[in-house]
1. Any residue in the range 218-225 that is basic (K, R), on the phi < 0 side of the Ramachandran plot and not in a strand (DSSP E or B)?
2. Is at least one residue of the range 136-156 farther than 27 Å from L277 by Cα and either in the same structural domain as V259 (by TED's automatic domain parsing) or in contact with an Asp or Glu (Cβ under 6 Å, 6 or more places away or on another chain) (or both)?
3. Please work out which residue is farthest from the chain's Cα centre (by Cα), limiting yourself to the range 195-225 and to residues that are more than 28 Å from F302 (Cα to Cα), free of Cβ contacts under 8 Å to residues at least 60 places away in the same chain and surrounded by 12 or more Cβ atoms within 10 Å (Cβ to Cβ).
4. Taking the residues in the range 61-91 that are without any contact (Cβ under 8 Å) to a residue 24 or more places away in the chain and outside any loop (DSSP other than H, G, I, E, B) as candidates, determine which candidate is farthest from the chain's Cα centre (by Cα).
5. Take L280 and decide whether it is farther than 24 Å from W150 by Cα, at pLDDT 95 or above and not charged (D, E, K, R).
6. Would the range 237-249 turn up any residue that is in contact with a strand residue (DSSP E or B) (Cβ under 8 Å, 6 or more places away or on another chain) and free of Cβ contacts under 8 Å to residues at least 40 places away in the same chain?
7. Would you tally the residues in the range 185-194 being surrounded by 15 or more Cβ atoms within 10 Å (Cβ to Cβ) and part of a loop (DSSP other than H, G, I, E, B)?
Amino acid sequence: MTTGRTEEDLWQLFWGGLVTRLLAITADLGIADALADGPRPVDELAREVEADPDALHRILRALASEGVFAEEAPGVYRNTDASAGLRRGTRWHDFAHLFGGVWHRALGELSATGAPTFERVHGTDFWSWLGEHPDERGAFDRAMSGSREWKVDRVAGTEWRGDELVVDVGGGNGALLVELLRRRPSLRGVVFDLPETTRDEAALGDRIEFVAGSFFERVPPGDVYVLSTILHDWDDDRAGQILRTIRSAAPDHARLLVVDAVVPPGNEPHGAKFLDLLMLALFDARERDEAQWRALLGANGFEPVRIEDGLIEARCR
């Protein structure tokens, strides 16, 4: 059960947005990488990353109070387990960059009007903006693929005949499908996504094909369709359009696996309750509860057979 917050708790909550921004600053500067070999004076760090020494010290001091970095001696900082996770090449580095950068600016304009903010702040919608910024697209794709282990666990744990063709709709760089086929080597796969998606097609192997296209227009035929954290990016009208596109290509025996959150009732903490607001700010989209998932799937050609947090399984109607 959650309990009432004290004034001290509220003060800590007020700093949340600032902490997010500081994580992005240090990630983009590569501070965790610069400290990989051990503690270093902040003046030396500042020269290496071309930052103001006083400003960098104040940023690191604040983060150290939250357990991210640590001041080992006056003006000398080292990594902690938390800050080491911000090194380049990790999903947390990319998430820090996104949450404290482009997403932070959009969330800063969020209000109770129900209107999305990204396009107003950045002058274009999020997907078009990614297309215009290849480095940001790369960060986004890496961050999304970095959470594949739990997603693969959920997908691989369903019942499989063993010889199915799996179509990962909006599959990004194909990391989820590569791991799924490693665990279930009799499967074949198709990664379907926009042509500009950052990917290494050689890494897909000879049992996975990349097919370029828009899931609003068409998808390849298959036996199993996977939508991994895709539908929460769209409002009900556009999410319904994606589902109808899949249903029009899917044979009657096909099944659909939706890897997405199911928002629980009540007041217990759950990440989807905050991610829901990021979806609102970026896309005018949403996280969904069980009733909303049932309504969305049922109205667009699918019958849900299992709904649990992290995995919704449906069959064609």
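1. Of all residues in the range 218-225, those basic (K, R) come to 218.
Those left that are additionally on the phi < 0 side of the Ramachandran plot: 218.
With the extra rule that they be not in a strand (DSSP E or B), the set shrinks to 218.
Yes; the residues of the range 218-225 include at least one that is basic (K, R), on the phi < 0 side of the Ramachandran plot and not in a strand (DSSP E or B).
2. Yes, because at least one residue in the range 136-156 is farther than 27 Å from L277 by Cα and either in the same structural domain as V259 (by TED's automatic domain parsing) or in contact with an Asp or Glu (Cβ under 6 Å, 6 or more places away or on another chain) (or both).
3. Ranking the candidates gives G205 first.
4. From the range 61-91, those without any contact (Cβ under 8 Å) to a residue 24 or more places away in the chain are 61, 64-65, 67, 70-71, 74, 80-82, 89; that's our starting set.
Adding the requirement that they be outside any loop (DSSP other than H, G, I, E, B) leaves 61, 64, 70-71, 81-82.
Numbers: R61: 29, A64: 26, A70: 28, E71: 31, D81: 22, A82: 19 Å.
For the range 61-91, the residue satisfying everything is E71.
5. For L280, the condition - farther than 24 Å from W150 by Cα, at pLDDT 95 or above and not charged (D, E, K, R) - is met.
6. The answer is no; no qualifying residue exists.
7. Step one: of the range 185-194, the residues surrounded by 15 or more Cβ atoms within 10 Å (Cβ to Cβ) are 187-194.
Then drop every residue that is not part of a loop (DSSP other than H, G, I, E, B), which leaves 187, 194.
Looking only at that region, the number is 2.
Results for (1) assigned by TED's automatic domain parsing to the domain that holds A281; (2) surrounded by 13 or more Cβ atoms within 10 Å (Cβ to Cβ); (3) under 28 Å from G138 (Cα atoms), shown as yes or no for each residue.
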residue: L23; (1), (2), (3): no, yes, yes
residue: T26; (1), (2), (3): no, yes, yes
residue: A34; (1), (2), (3): no, yes, yes
residue: P39; (1), (2), (3): no, yes, no
residue: A51; (1), (2), (3): no, yes, yes
residue: D54; (1), (2), (3): no, no, no
residue: V76; (1), (2), (3): no, yes, no
residue: F95; (1), (2), (3): no, yes, yes
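The values are calculated or read from the model by the stated rules, or taken from the named source; none is laboratory data. Since the model is a prediction, treat every value here as computed from it, not as a measurement. Using ideal geometry, Cβ is built from the backbone for each residue, glycine included, and neighbour counts are taken over all protein chains shown.
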